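**Q** Provided herewith is a single structure, encoded as structure tokens, for subsequent inquiry.
The values are calculated or read from the model by the stated rules, or taken from the named source; none is laboratory data. Model, not experiment: these values are computed from the prediction. Cβ placement follows ideal geometry from the backbone for every residue including glycine, while neighbour counts extend to all protein chains displayed. In case anyone asks, the SASA skips ligands and DNA or RNA and just uses the protein heavy atoms, side chains included. Shrake-Rupley method; radii C 1.70, N 1.55, O 1.52, S 1.80 Å.
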Amino acid sequence: MRGLFVTGTGTDIGKTYVSAAIARELTSLNLKLAYYKAAVSGSDCIEHSDAGYVRDHGGITQETDSLLSYLYQKPLSPHLAARGEKRFASMETIKKAFNSLKDKYDYVLSEGAGGIICPVVWEENCHILYQDILKELKLPVVIVADAGLGTINHTVLTINYLQENNFKVQGVILNNFDKDSLMHTDNLKMIEEISKVKVIATLAKGESKLHMLDKRIDEYFEEC
């Protein structure tokens, strides 16, 4: 099985939109792809959640219940939403769900929530950040960042943090990218020059197809 994890520089920068675009690329190649999100908040049912969006817009046909493990209603950080519902994520449950997909599919695309330090459980007896989930799943990472103002700082800091914690960063995907914008094209150049990590794709605002800058997106998935 080959896998890839999608994280972002923060909330609402387009991880889910980009994840759906990645999924479309793979399913259009007739590759057997599953999607998995450990925990998501801000929805009352899977169909209306980030996971439901990726399934419906990415050409994914897996069973709905296998798309995610924990769904919380309030639009809060997962750890706070979990505390309100008194229903906390378990790493063992997450690993079991992910491994079940590994056994059935050739590719698994996993998406985080918020940024890589997003807390999923933060109680006195248990701390789980999304980086802990990533460590257990043993996946390489792509970082979704907005193409606009401020992205150099946010993106380079995220890259540095992931690399310092021994995660493999495959590259950056710039969302809402305008190829005719001097700022956007310079942001791309500066991210690469400062971090020494490639921007592997861009996605224009309102478009659904990734513009790959080097190789196909499925080539960034790795065996796990």
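**Q** Taking the range 10-121 on its own, what percent of its Cα-Cα pair distances exceed 19 Å?
**A** 42 percent
**Q** Quick one: Kirkwood hydrodynamic radius for the chain, alpha-carbon pairs, angstrom, one decimal?
**A** About 17.4 Å for the chain.
**Q** Another one. Might you tell me the accessible area per residue for the chain, computed with a 1.4 Å probe and given in Å²?
**A** Accessible surface, normalised per residue, equals 48 Å².
**Q** In the P(r) worked out for the range 68-134, what percent of Cα pairs fall beyond 19 Å?
**A** It works out to 32 percent of all Cα pairs.
**Q** Which of these, N99, N176, N125, has the largest mean-square fluctuation under a Gaussian network model of the chain (Cα springs below 10 Å)?
**A** Per the Cα network of the chain with a 10 Å cutoff, N125 tops the list.
**Q** Suppose every Lys and Arg Cβ carries +1 and every Asp and Glu Cβ carries -1, with no other charges. What dipole size does the chain come out with about its Cα centre, to the nearest 20 debye? If you can, show how the numbers build up before the last one.
**A** Details: 25 positive and 30 negative charges, 51 e Å.
So the dipole magnitude of the chain works out to roughly 240 debye.
**Q** Based solely on its DSSP helices, what 222 nm [θ] is calculated for the chain when runs of n ≥ 4 H residues each add -39,500 (n - 2.57) and the sum is averaged over all residues, nearest 500 deg cm²/dmol?
**A** -11000 deg cm²/dmol
**Q** In whole Hz, what ³J(HN,Hα) sequence does the range 50-65 give by Karplus (6.51, -1.76, 1.60; θ = phi - 60°), x for Gly and Pro?
**A** 4, 5, x, 5, 5, 4, 6, 9, x, x, 8, 10, 5, 5, 4, 5
**Q** Report ³J(HN,Hα) in whole Hz for each residue of the range 146-153, in order, from the Karplus equation J = 6.51 cos²θ - 1.76 cosθ + 1.60 where θ = phi - 60°; Gly and Pro get x.
**A** Those phi angles translate into 6, 7, x, 4, x, 6, 4, 4 Hz.
**Q** Separate question: How are the C-alpha pair distances of the range 33-99 spread across 5 Å bins, as whole percents from the shortest bin up?
**A** Answer for the range 33-99: a P(r) of 3, 19, 28, 23, 18, 7, 1 percent.
**Q** What translational diffusion coefficient, in µm²/s and rounded to a whole number, does the Stokes-Einstein relation yield for the range 95-215 at 10 °C and a viscosity of 1.306 mPa s, taking the hydrodynamic radius as the Kirkwood radius over Cα pairs?
**A** 101 µm²/s
**Q** Another one. Roughly to the nearest percent, how much of the accessible area of the chain is carbon and sulfur, given a 1.4 Å probe?
**A** Carbon plus sulfur share of accessible area: 48 percent.
**Q** Provide the percentage of antiparallel DSSP beta bridges, counting only those with both residues in the range 80-199; round to the nearest 5.
**A** 35 percent
**Q** Continuing with this model, one more query. For the range 114-121, what does the Karplus curve 6.51 cos²θ - 1.76 cosθ + 1.60, with θ = phi - 60°, yield as ³J(HN,Hα) per residue in whole Hz, taken in order and with x for Gly and Pro?
**A** Listing the rounded values in order: x, x, 5, 8, 4, x, 9, 9 Hz.
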